[in-house]
Amino acid sequence: MVAVIDYDAGNIKSVQKALEFLGERVLVTRDSGEILRAERVILPGVGNFGDAMAKLEGFGLVPVMKEVAERKTPFLGICLGLQLLFEESEESPGVRGLGLLKGKILRIPKAEGLKIPQIGWNCLEYPSEGRLFQGVPEGSYVYFVHSYYLQAEKKEIVKATAQYGVTVEASVEQDNVFACQFHPEKSSDAGLRILKNFLTVSG
């Protein structure tokens, strides 16, 4: 069973439907006991970094997320969910992220002809082998909606990148913690394969 964290940050239904399409049992919840009993946990999200952290704290979910990581339960952050796993974001100065991974979130710099936020499809490059991308060819297109991008402290955790004015660190993996800046649940066959790979990884 997969627990999808509901903390009023959106992007829940599409994740739930994609997982159910893959035949997975899904529980949308903010109940700490249910989350900790789940075989896998997904932290989705769209919106503002600071607002999202305030909601996680308000629902008492920050220590729960940290315990999920410590228990080695496979844990996937999607879009804003990726950003929240890190330490800080330029979007909300002074707000601390979950800090499960080391790095910071930066605003995509303005450039001529570049629309921000990036909304649309972009192709992936693989700087190193990642378990989420088994059977997903390099150059596959996935769907992004974001104005901020990750700068990870440890580059070896970066498993996929994309180019959008800067090198966007599009997916990371460290032990049982995985994250995608793009939306696999909206990324057609490639995205479904990525989610299916997450459903089969061990911590």
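Rule-based calculations on the coordinates, nothing more; no lab input. Everything quoted here is computed from the prediction, not taken from an experiment. Because the Cβ atoms are built from the backbone with ideal geometry, glycine has one as well, and the counts that use them run over all protein chains shown.
Using a Cα-Cα cut-off of under 18 Å, which aspartates and glutamates could be cross-linked to Lys154, ignoring same-chain neighbours fewer than 8 residues away?
Glu87, Glu88, Glu125, Glu129, Glu169, Glu173, Asp175
Return the FRET efficiency for the residue pair Ser202, Thr167: r is the Cβ-Cβ distance, R0 is 35 Å, and the value is rounded to the nearest 0.05.
0.75
Using amide H atoms built 1.01 Å from N in the peptide plane, name the residues 5+ places from Phe178, or on other chains, whose amide H lies under 5 Å from its own.
Here the answer is Phe75, Leu76, Gly77, since their amide H atoms fall under 5 Å of that of Phe178.
What percent do you get for the relative contact order of the chain when only Cα pairs under 8 Å and 6+ apart count?
Reported as a whole number, the value is 19 percent.
Return the loop-located trypsin sites (Lys or Arg not before Pro) in segment 119-203 (DSSP other than H, G, I, E, B) with at most 12 other Cβ atoms within 10 Å of their own Cβ; answer none if there are none.
Answer by residue number: Lys154.
What per residue convex hull volume, in Å³, do the alpha-carbon atoms of segment 97-203 yield?
It comes to 98 Å³ per residue, whole-number rounded.
Could you give each residue of segment 35-41 its phi-based ³J(HN,Hα) in whole Hz, using Karplus coefficients 6.51, -1.76, 1.60 with θ = phi - 60°, and x for Gly or Pro?
Per residue, the Karplus-derived 3J(HN,Hα) values read 4, 6, 7, 5, 6, 8, 9 Hz.
For Ala170, enumerate residues with amide H under 5 Å from its amide H, sequence gap 5+ or separate chain, H modeled in the peptide plane.
Correct list: Ala160, Thr161, Ala162.
Enter the per residue convex hull volume of the chain, computed from alpha-carbon coordinates, in Å³ rounded to the nearest integer.
101
Is it possible to state the helix-based mean residue ellipticity at 222 nm for the chain, with each DSSP H run of 4+ residues giving -39500 (n - 2.57), the sum divided by total residues, to the nearest 500 deg cm²/dmol? What is it?
-7000 deg cm²/dmol
Could you list which residues have their amide H under 5 Å from that of Trp121, counting only those 5 or more apart in sequence or on another chain, with H placed in the peptide plane?
Answer set, sorted by chain and number: Phe144.
Give me the percent of DSSP beta bridges within the chain that run antiparallel, rounded to the nearest 5.
Just about 60 percent of them are antiparallel.
Using the Karplus curve 6.51 cos²θ - 1.76 cosθ + 1.60 with θ = phi - 60°, what ³J(HN,Hα) values do you get for each residue of segment 147-156, in whole Hz, with x for Gly and Pro?
10, 10, 9, 7, 10, 6, 5, 9, 5, 5
Work out, step by step, the length gained on full extension between Arg37 and Asp175: first 0.36 nm times the residue separation, then minus their alpha carbon distance; give nm to one decimal.
Stretched fully, the Arg37-Asp175 segment lengthens by 47.8 nm.
With unit charges on the beta carbons (Lys and Arg positive, Asp and Glu negative) and the dipole taken about the Cα centre of segment 1-97, which residue among Leu19, Ile5, Gly58 sits farthest to the positive side?
Farthest along the dipole direction, towards plus: Leu19.
Could you please state, rounded to a whole Å, how far the C-alpha centre of segment 166-187 is from the C-alpha centre of segment 67-137?
Value for the Cα centre distance between the two parts: 6 Å.
Going Cα to Cα from Lys72, which lysines come in below 18 Å? Please leave out same-chain ones fewer than 8 positions away.
Reachable lysines: Lys102.
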